[in-house]
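Reading through the structure tokens given below for one structure.
The values are calculated or read from the model by the stated rules, or taken from the named source; none is laboratory data. All values reported here derive from a predicted model rather than from experimental measurement. Glycine gets a Cβ as well: all are built from the backbone with ideal geometry, and neighbour counts include every protein chain shown.
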Amino acid sequence: MAGVLTRDQNAAGDSRATARLLTNLLESYTMVSDLPECAWRQRFTMAIKRLLLAKPRGFCAGVDRAIDVVNMALQLYGSPVYVRKEIVHNKYVIRSLAAKGAIFIDDLDEVPDGAVAIFSAHGVSPEVRATAAAKSLKVIDATCPLVTKVHMEAVRYANENRSIILVGHAGHDEVIGTMGEVPGRIQLVGSIEEAEKVQVPDPDRVAVTTQTTLGVDDANVIIDVLRRRFPKLTAPASDDICYATQNRQTAVKLLAEDADLVLVLGSDNSSNSRRLREVAEGAGAKAFLIDDASEIDPAWLEGVECVAITAGASAPEYLVQQVVACFRALGVEHVEEVMAMDEKVTFLLPPELSREMSSRGLTQLS
Ligand code: SF4
């Protein structure tokens, strides 16, 4: 995809922080490894024999596109551009884009009339679109097309006069956007208990949709309950849990069967990253969600022979490589990428951005 700044350049924007984190960990190691009876040294260099990297991991097509959108908007319109909510849920991505001139806001009221506003990958409700129109904002919509698909399903089910049950997590940006498509017509269910209790006016006219980033197995159990309660339940033809979420969960499950410890790169507010940690734990491994290498607790490594690493769909690859570099520096030689499946999904740029480029005679930004 055409982009303003390459991923490497993005990484370079955080290089000082990355170097500092790496140095901190390595300095700790050097200090303790100088001691003859150092427990750290035994843990790191003698116990850990293998490092497995999940594939696929990290950025999905929707995140790639959303980050490209902000970078391209900055290049086309100049700073500042306003981004409603976190463009994707990762603190490194946000920090990097903010340093280039993106301003992240929670509410469009914070945006000056007529300014450039970008909607995040998680989508927005029609109410937000109306506010943007009222303020004459130049909107670029970076909503992932797979989130838009869920919105369209919700609208279709409402038009068919069905009660809609959305399986998802309360308060997540994507859930707020989807529920806002059909206010008052959609109920959120986040657990088996809630699925057992949810009430609808006509049990024969119920449809279900899901958040795109749920745990596949957890969502299936909830949907099974809904199917038992509402045998005529209507569901989308293709899964709402997106390809990236499913593939990353399949890959981490595969590795977790082998690994003693799974490290998931991702921010705490990233739903799909949190699900990866849960899936790994469910497969029998110790699993932790970390923003970067500095968050690795040496105690986690005690007695561990095989460490697996994956990354949520919003976590940059350089954070994975930073962790790999730390383990290599600590003496781990066997680093192996384990491919669960190949991914070749890409999404087109938002039409408003493509139009702007072609109006300026541009096919690509450098
Ligand atoms: S995780 Fe899935 S739904 Fe979310 S941005 Fe990526 S591809 Fe789209």
Out of all the residues in the stretch 48-57, is one or more part of a helix (DSSP H, G or I) and either hydroxyl-bearing (Ser, Thr, Tyr) or modelled with pLDDT of 95 or more (or both)? no
Could you please give the count of residues in the stretch 103-142 that are in contact (Cβ under 8 Å) with a residue 40 or more places away in the chain and within 16 Å of the ligand (Cβ to nearest atom)? 9
Anything in the stretch 207-247 that is within 24 Å of Ala121 (Cβ to Cβ) and touching a Leu at 6+ places or on another chain (Cβ under 6 Å)? List them, or say none. Val208, Thr209, Thr212, Ile241, Cys242
Filter result for the condition that a residue is touching a helix residue (DSSP H, G or I) at 6+ places or on another chain (Cβ under 8 Å) and away from the ligand (no atom under 13 Å from the Cβ), over Leu166, Leu146: Leu166
Only one of (1) touching a residue at least 24 places away in the same chain (Cβ under 8 Å); (2) within 16 Å of the ligand (Cβ to nearest atom) is not met by Ala325, so which one is it? (2)
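Return a yes/no flag: does the stretch 172-193 have any residue that is among the hydroxyl-bearing types (Ser, Thr, Tyr) and more than 16 Å from the ligand (Cβ to nearest atom).
At the first step, the residues of the stretch 172-193 found to be among the hydroxyl-bearing types (Ser, Thr, Tyr) are 178, 191.
If we keep only those that are more than 16 Å from the ligand (Cβ to nearest atom) as well, we get 191.
Checked the stretch 172-193: at least one residue is among the hydroxyl-bearing types (Ser, Thr, Tyr) and more than 16 Å from the ligand (Cβ to nearest atom).
Scan the stretch 247-263 and tell me whether some residue there is more than 16 Å from the ligand (Cβ to nearest atom), of a type in the set (Asp, Glu), surrounded by fewer than 19 Cβ atoms within 10 Å (Cβ to Cβ) and not in a helix (DSSP H, G or I).
At the first step, the residues of the stretch 247-263 found to be more than 16 Å from the ligand (Cβ to nearest atom) are 253-263.
Among the residues that remain, those that are also of a type in the set (Asp, Glu) are: 257-258, 260.
Filter again for surrounded by fewer than 19 Cβ atoms within 10 Å (Cβ to Cβ), leaving 257-258.
Retained after the next criterion (residues that are not in a helix (DSSP H, G or I)): 257-258.
The answer is yes; a qualifying residue exists.
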Just to be sure I understand, how many residues within the stretch 296-339 are under 21 Å from the mean Cα position of the chain (by Cα), more than 11 Å from Val264 (Cα to Cα) and in a helix (DSSP H, G or I)? 5
Residues located in the stretch 86-104, provided they are of a type in the set (Lys, Arg) and buried (at least 22 other Cβ atoms within 10 Å of the Cβ): none
Take the conditions at pLDDT 95 or above, touching a Gly at 6+ places or on another chain (Cβ under 7 Å), within 16 Å of the ligand (Cβ to nearest atom) and on the phi < 0 side of the Ramachandran plot and apply them to Asp68. Does it pass? yes
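Please go through the stretch 219-231 and pick out each residue that is free of Cβ contacts under 8 Å to residues at least 40 places away in the same chain and either in contact with a strand residue (DSSP E or B) (Cβ under 7 Å, 6 or more places away or on another chain) or within 16 Å of the ligand (Cβ to nearest atom) (or both). Please lay out each step first, then the result.
Residues of the stretch 219-231 that are free of Cβ contacts under 8 Å to residues at least 40 places away in the same chain, as a first pass: 220-221, 224-225, 227-231.
The answer is Phe230, and nothing else.
Rundown of residues vs (1) part of a loop (DSSP other than H, G, I, E, B); (2) out of contact with any helix residue (DSSP H, G or I) (no Cβ under 7 Å at 6 or more places or on another chain), yes/no style:
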position: Val83; (1), (2): no, no
position: Val88; (1), (2): yes, no
position: Tyr92; (1), (2): no, no
position: Pro112; (1), (2): yes, yes
position: Ile118; (1), (2): no, no
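Say whether the condition of being at pLDDT below 95 and surrounded by fewer than 19 Cβ atoms within 10 Å (Cβ to Cβ) is met by at least one residue in the stretch 264-283.
Here is the first cut: in the stretch 264-283, the residues at pLDDT below 95 are none.
Among the residues of the stretch 264-283, not one is at pLDDT below 95 and surrounded by fewer than 19 Cβ atoms within 10 Å (Cβ to Cβ), which makes the answer no.
I need the full set of residues from the stretch 195-215 which are farther than 20 Å from Glu181 by Cβ and touching a residue at least 60 places away in the same chain (Cβ under 8 Å), in order please. Give the steps one after another, and end with the answer.
Let us first name the residues in the stretch 195-215 that are farther than 20 Å from Glu181 by Cβ, namely 195-197, 199, 202-204, 215.
Within the stretch 195-215, Gly215 is the sole residue that qualifies.
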